[in-house]
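Here the structure comes first, spelled out in structure tokens, and everything after it is commentary.
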Amino acid sequence: MNTRIIKIDPDNIDMNLIAEAAEIVRRGGLVAMPTETVYGLGADSFNPEAVKKIFAAKGRPADNPLISHIAEIGEVERLAREIPPRAQRLMEHFWGGPLTVILKKRPEVPAEVSAGLDTVSIRMPSHSVAHALIKASGTPIAAPSANLSGSPSPTLAEHCIADLSGRVDMIIDGGSSLIGLESTVVDLTAEVVTVLRPGAITAEQIAEIAGDCIYGGNYAEAPKCPGMKYTHYSPRAEVFAMKSMENAEEMLKAHGGKTAVIDMNPKRYAADIVYDAGPDLNSYAARLFYLLRRADEDGVDFLIARLPESEGIGAALRNRLLKAAGGRTDDSYA
Ligand code: TXA
Ligand code: MG
């Protein structure tokens, strides 16, 4: 398949190019699009054949459901059969933005999208290009992150090109994703509001609007969010998430091969490469997936990365870092 790569400036959208992309979606093709969290690989949510192509292009297990992306809050009604008042409040407060809500699905939502579950996950992105494409397509767009299954989510069009060239109809380059980590996924189908995947919108922020909210805790044991049982974001290097950088030098010196560090405002380290995660948690979040890909490209064998505090987007960062490290921390280093 010949993949068309186009550039659209989020601040000055070329509606002719959007119309071409929307035509691909309407005809059942695949379009990788920028969003404020990460790039998504989109297809018409109501076209089961198109949705199947997403799974094939990514190598994604069929039991892992997809998020449907909409352009207006009212479109939720096309997908969900029940909208509890607290869900309505959350959508009004946080959309467009990095919040995905799980609701009971309408029977019209194809089983391919929901992976056979009775629920549907829905998000309204804030990104201008995603918004324009969904609107022009006239249908909700089912979109997982636009990476091959098992690689880090893409935060640049280059990442989509590396993973999906030749496997999708179009890749829209809209620059780098502002947030850099995937959306917060919140389950609103049970009595208790539960965060299944932490993101830029925190459980505390959700509790303020919904009245109550718990953090889903152990995904591995209770994979309500099916994607959570799969290993993600695993670089080739052996990764350690560092609660403290106290033992960093010792660990780096003890290790052969190519060593690297990821830290905010990094000092000098005895490593072959020191990756700068920027000055704060937001820059760290925006750069993490990019840096994990860089580490692979640079042939890094041993990578240690600072595990930040859990305030704000820190909780999401910790979650992704611990996954990349396969749970290994400086405590478990021996
Ligand atoms: O920020 C994001 O959410 C990005 C952009 C493209 O919107 N999308 C994304 O999609 O990260 P994906 O497919 O890579 O991750 C979606 C996660 C998966 O872990 C999946 O299992 C879970 O959400 N999920 C989707 N629908 C669900 C449902 N009905 N019930 C439980 N979990 C669901
Ligand atoms: Mg993903």
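Mind counting the residues in the range 151-203 that are over 17 Å from residue 291 (Cβ atoms), out of contact with any strand residue (DSSP E or B) (no Cβ under 9 Å at 6 or more places or on another chain) and within 12 Å of ligand 1 (Cβ to nearest atom)?
1
Quick one: in the range 148-167, of everything that is among the aliphatic types (A, V, I, L, M) and open to solvent by less than 40 Å² (accessible area, probe 1.4 Å), which residue is nearest to residue 320 (Cα to Cα)?
That would be 157.
So in the range 134-150, with the set limited to residues that are aliphatic (A, V, I, L, M) and within 12 Å of ligand 1 (Cβ to nearest atom), which one is farthest from residue 27 (Cα to Cα)?
The residue in question is 148.
Considering only the range 59-147, give the strands (runs of 3 or more DSSP E) lying wholly within it that have at least 1 residues that are surrounded by fewer than 23 Cβ atoms within 10 Å (Cβ to Cβ).
Correct list: 99-104, 119-123.
Looking only at the range 250-292, filter to residues that are among the acidic types (Asp, Glu) and within 22 Å of residue 309 (Cβ to Cβ); which one of those is surrounded by the fewest Cβ atoms within 10 Å (Cβ to Cβ)?
280
Can you name the residue in the range 168-181 that is under 15 Å from residue 25 (Cα atoms) and outside any strand (DSSP E or B) and is also least open to solvent (accessible area, probe 1.4 Å) among such residues?
Checked the range 168-181; the qualifying residue least open to solvent (accessible area, probe 1.4 Å) is 168.
Would you check if residue 306 is within 19 Å of residue 178 (Cα to Cα), open to solvent by 30 Å² or more (accessible area, probe 1.4 Å) and in contact with a strand residue (DSSP E or B) (Cβ under 9 Å, 6 or more places away or on another chain)?
No: the conditions fail for residue 306.
The values are calculated or read from the model by the stated rules, or taken from the named source; none is laboratory data. Computed from a prediction, not measured in an experiment: that's the story for all the values here. Quick reminder, even Gly has a Cβ in these numbers, built from the backbone with ideal geometry, and neighbours come from all protein chains shown. Surface areas here come from the heavy atoms of the whole protein model, side chains and all, with no ligands, DNA or RNA. Shrake-Rupley method; radii C 1.70, N 1.55, O 1.52, S 1.80 Å.
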